Amino acid sequence: MSENTPLRVPGTVWLLGLVSLLNDTASEILYPLLPAFLSSVLGLSPAAIGLIDGASKTVEGFTKGIGGALAQRFGRSRRFMLAGYAVSSVAKPLHAFAGSLWGVLGLRITDRVGKGMRSAPRDAIIADSVPPEMLGRAFSLHRALDTTGAVLGPLLAFLLMGYFGDVRQVFLWTIIPGVLCVIAASFVRRDSLTAQRERMPFSAWRGVISDNRNFRFFLVSTVFFTIANSSDLFLLMRTRELGLTETQVPLVWMLFNVTYVLAAYPIGLLADRVGRPRLYLGGFVLYSVVYAGFALNLAGAAVWLLMGLYGIYYGVAESLGRALVSDFVKPEVRPLAYGIHHFAVSVGALPANLLFGFLWQTFGAPSAFLAGAAFSVLAGAVFLAGAVTRKA
């Protein structure tokens, strides 16, 4: 590391981490209670739940691609990011009034549109805020702060459910962290300077892909992995099948997020030293182990252990995946590249969730989880064949 490299992660990254913490607090008050709400209150089947989550994530993927392209085209990453947080913050408390599959689907899609709109511009701002040798730390710190909100959210959901006993009333409380999130986001003053200097038409995405062999392999492996990566709602449903009570589900989800928080920053530090591609490859292996474990009829401590391991996997994948985008493309096309990557992350969400729901409903949960483990192995093989040859 050169003597001019800053020793500390810049304040912009910390502020964006706070914004994400508040947003995730709102999201994770809602999320762990959704499976019981959808299945018990609304009476929806696993296939219908897969449709809701898959469709919303697919829309999220398209929106992420559009958000990155618009930020690149107009050089206004900050404005698109702020608008995205505002849209999501409005949608979350409205879940309290949903009474049908279509009502929930509309709100989930609206929430995901907000996420899609903000993700690529925000990641571009983070990448522009630090030198290349600090990318792992910057994104890992941001993900750690983001996931601290995902620890607070389930804890608040647990406490609010204990007090109100009504999931709809709990959903209304998401308005408080949502409003605070938008206020905090308005204090972000930095924009993506490279995007402002290099404004490009939407068609420039073809060149970003064709000119970067490692990025192409990375995207292909990401698409394969989206087929493996079904909704976490299914994981929470599986924990219920394996013996956890409705009250315990928010707590096991909190454990997952605690592990994620504790793992994210050390993983980023290690990746900056030993190479991000190698460590990212290990995430595919860990995901396969977790999903194969959930295919077994485990109970008690084993369920909690698997969710803890799943948190470590997220610490690898979520942080390093974003850092690798900056490794594989030129700085001036980062907003567009992040949009392409986020699109690839979500493009298989609908077929993945429909397939997972079909396998669960037809053959049982173990078959669905084993299929997810197999696709993760395939995605890791593609990444190994191409992108891992690039030194980070």
- Message: All but one of (1) over 24 Å from Lys115 (Cα atoms); (2) crowded, with 20+ Cβ neighbours inside 10 Å hold for Ala299; state the number of the condition that does not hold.
- Response: (2)
- Item | Filter result for the condition that a residue is out of contact with any strand residue (DSSP E or B) (no Cβ under 6 Å at 6 or more places or on another chain), over 19 Å from Val130 (Cβ atoms), buried (at least 24 other Cβ atoms within 10 Å of the Cβ) and aliphatic (A, V, I, L, M), over Leu320, Leu336, Leu309, Leu281 | Leu336
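Can you name the helices (runs of 4 or more DSSP H) wholly within the stretch 113-185 that have at least 3 residues being small (Gly, Ala, Ser) and within 29 Å of Gly99 (Cα to Cα)?
The qualifying helices (runs of 4 or more DSSP H) are 135-164.
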- Just one of the numbered conditions (1) closer than 25 Å to Ala48 by Cα; (2) without any contact (Cβ under 8 Å) to a residue 40 or more places away in the chain is not true of Leu159; which one? (1)
- Query: Residue check: is Phe139 over 21 Å from Glu60 (Cα atoms) and of a type in the set (Phe, Trp, Tyr)?
  - Reply: no
- Does the stretch 335-365 hold any residues that are in contact with a Leu (Cβ under 7 Å, 6 or more places away or on another chain) and farther than 30 Å from Ala124 by Cα, and which are they? Leu354
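Hey, can you tell me all the residues within the stretch 284-296 that are closer than 29 Å to Thr245 by Cα and crowded, with 17+ Cβ neighbours inside 10 Å?
Going residue by residue through the stretch 284-296, those that are closer than 29 Å to Thr245 by Cα are 286-296.
Matches in the stretch 284-296: Leu286, Tyr287, Ser288, Val290, Tyr291, Ala292, Gly293, Phe294, Ala295.
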- Query: Which one is surrounded by the most Cβ atoms within 10 Å (Cβ to Cβ) among residues in the stretch 102-147 that are small (Gly, Ala, Ser) and either modelled with pLDDT of 85 or more or more than 12 Å from Val9 (Cβ to Cβ) (or both)?
  - Reply: Ala120
- Query: Of all residues in the stretch 333-392 being outside any helix (DSSP H, G or I), among the small types (Gly, Ala, Ser) and touching a residue at least 24 places away in the same chain (Cβ under 8 Å), which is nearest to Leu242 (Cα to Cα)?
  - Reply: Gly348
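Condition test on Phe215, is it of a type in the set (A, V, I, L, M, F, W, C), buried (at least 21 other Cβ atoms within 10 Å of the Cβ), touching a helix residue (DSSP H, G or I) at 6+ places or on another chain (Cβ under 7 Å) and more than 22 Å from Thr147 (Cα to Cα)?
yes
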- When both residues are 6+ apart or on different chains and their Cβ atoms are under 7 Å apart, which pairs have a first residue that lies in the stretch 95-118 and is more than 12 Å from Ala55 (Cα to Cα), and a second that is surrounded by fewer than 22 Cβ atoms within 10 Å (Cβ to Cβ) and charged (D, E, K, R)? Ala96/Arg168
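The rows are residues; the columns are (1) farther than 21 Å from Gly61 by Cβ; (2) in contact with a helix residue (DSSP H, G or I) (Cβ under 6 Å, 6 or more places away or on another chain).
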| residue | (1), (2) |
| --- | --- |
| Val289 | yes, no |
| Ala301 | yes, no |
| Gly308 | yes, yes |
| Ala317 | no, yes |
| Arg322 | no, yes |
| Asp327 | yes, no |
| Val333 | no, yes |
- Give Ala344, Ala349 a once-over and let me know the one that is of a type outside the set (D, E, K, R), crowded, with 18+ Cβ neighbours inside 10 Å, modelled with pLDDT under 75 and within 25 Å of Gly54 (Cβ to Cβ). Ala349
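Taking the conditions exactly as written (surrounded by fewer than 22 Cβ atoms within 10 Å (Cβ to Cβ) and under 26 Å from Phe375 (Cβ atoms)), does Leu270 satisfy them or not? Show your work before the answer.
Details: surrounded by fewer than 22 Cβ atoms within 10 Å (Cβ to Cβ): yes; under 26 Å from Phe375 (Cβ atoms): no.
Taking the combined requirement at face value, the residue does not satisfy it.
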- Task: Collect the residues in the stretch 49-72 that are modelled with pLDDT of 75 or more and among the aliphatic types (A, V, I, L, M), keeping them in residue-number order.
- Result: Ile49, Leu51, Ile52, Ala55, Val59
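Does any residue of the stretch 310-320 turn out to be in a helix (DSSP H, G or I), over 19 Å from the mean Cα position of the chain (by Cα) and over 19 Å from Arg137 (Cβ atoms)? Let's see the steps before the verdict.
Pass one, the stretch 310-320, residues in a helix (DSSP H, G or I): 310-320.
Imposing the further condition that a residue be over 19 Å from the mean Cα position of the chain (by Cα) reduces the set to none.
No; the residues of the stretch 310-320 include none that is in a helix (DSSP H, G or I), over 19 Å from the mean Cα position of the chain (by Cα) and over 19 Å from Arg137 (Cβ atoms).
Give the residues of the stretch 1-44 that are part of a loop (DSSP other than H, G, I, E, B) and either modelled with pLDDT of 85 or more or surrounded by fewer than 17 Cβ atoms within 10 Å (Cβ to Cβ) (or both), sorted by residue number. Reasoning before the result, please.
Taking the stretch 1-44 first, the residues part of a loop (DSSP other than H, G, I, E, B) are 1-10, 42-44.
Of everything in the stretch 1-44, those that are part of a loop (DSSP other than H, G, I, E, B) and either modelled with pLDDT of 85 or more or surrounded by fewer than 17 Cβ atoms within 10 Å (Cβ to Cβ) (or both) turn out to be Met1, Ser2, Glu3, Asn4, Thr5, Pro6, Leu7, Arg8, Pro10, Leu42, Gly43.
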- Query: Does Pro277 satisfy being assigned to a helix (DSSP H, G or I), closer than 30 Å to Pro46 by Cβ and modelled with pLDDT of 80 or more?
  - Reply: no
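The values are calculated or read from the model by the stated rules, or taken from the named source; none is laboratory data. The model shown is predicted, which means the values in this text are computed figures rather than measured ones. Backbone-built Cβ (ideal geometry, glycine too); neighbour counts: all protein chains shown.
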